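A short worksheet on the structure shown next.
The values are calculated or read from the model by the stated rules, or taken from the named source; none is laboratory data. Being a predicted model, the structure only gives us computed values, none of them experimental. So basically every Cβ, Gly included, is an ideal-geometry build from the backbone, and we count neighbours across all protein chains shown. Side chains included, ligands, DNA and RNA excluded: accessible areas come from the protein's heavy atoms. Shrake-Rupley method; radii C 1.70, N 1.55, O 1.52, S 1.80 Å.
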Amino acid sequence: MRGMKSDEIAAVESFYRHADFKALLSDERIDATIAYRRTREALFRNPDGSTEPAGFGTKHYSADKEYQDAVWDVVVTAMDADLARQGIDGIDTDLTLQAELSCPGAPK
């Protein structure tokens, strides 16, 4: 979180400490996010720089990746809204986020 002020770091940490992730990541919200994402164009970039359709219904589709992206969207959108309520705009503050995804119980 290089370049951030201590109050911005504290706000991000507070969000992750206090967010109700069980409610935030409800099946309904994830499903709605997936449905929305499927309405947007998705492209796969080939090694030669060319692109081709990606996402649901293509050879590049991955249900795991689709779910992961939906979870990420839900969490980051909620965090951005929480920060905005506090007067913190990630675009203006050089906020960055790194996370490690973990899905206990998921098949390997």
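Per residue of the chain, the DSSP helices (runs of n ≥ 4 H) give a summed -39500 (n - 2.57) that works out to -16000 deg cm²/dmol at 222 nm.
Run a plain Debye calculation on the stretch 26-77 (Cα atoms as equal point scatterers, no solvent) and give log10 I(q)/I(0) at q = 0.17, 0.19, 0.22, 0.29 Å⁻¹, rounded to two decimals, same order as the q list. For the requested q values the scattering log ratios are -0.55, -0.66, -0.82, -1.14.
Pairs of Lys residues in the chain, spaced 8 or more positions apart or belonging to different chains, with C-alpha separations under 25 angstrom: 4 in total.
Of the residues Ser62, Ser6, ranked by 1.4 Å probe accessible area with the largest first, the sequence reads Ser6, Ser62. Each of His18, His60 has its accessible area taken with a 1.4 Å probe; listed largest first, they run His18, His60.
I'd like to verify something in the chain: which complete DSSP H helices, judged by Cα projection on the helix axis, reach 24 Å or more and average at least -0.5 on the Kyte-Doolittle scale?
Helix filter hits for the chain: 63-85.
Between rounded, prolate and oblate, where does the stretch 1-94 land on the alpha carbon gyration tensor, with a ≥ b ≥ c its root eigenvalues, rounded for a/c under 1.5, else prolate if a/b exceeds b/c? Taking the square roots of the gyration eigenvalues as a ≥ b ≥ c, the stretch 1-94 is oblate. Around Arg29, under 13 Å between beta carbons, what's the net of Lys plus Arg minus Asp minus Glu among the other residues? In short, -3. Taking all protein chains as they are arranged and a probe of 1.4 Å, the heavy atoms of Asp31 leave approximately 100 Å² accessible to solvent.
If you take all other residues with their beta carbon under 12 Å from the beta carbon of Ala11, and give Lys and Arg +1 and Asp and Glu -1, the sum is -3.
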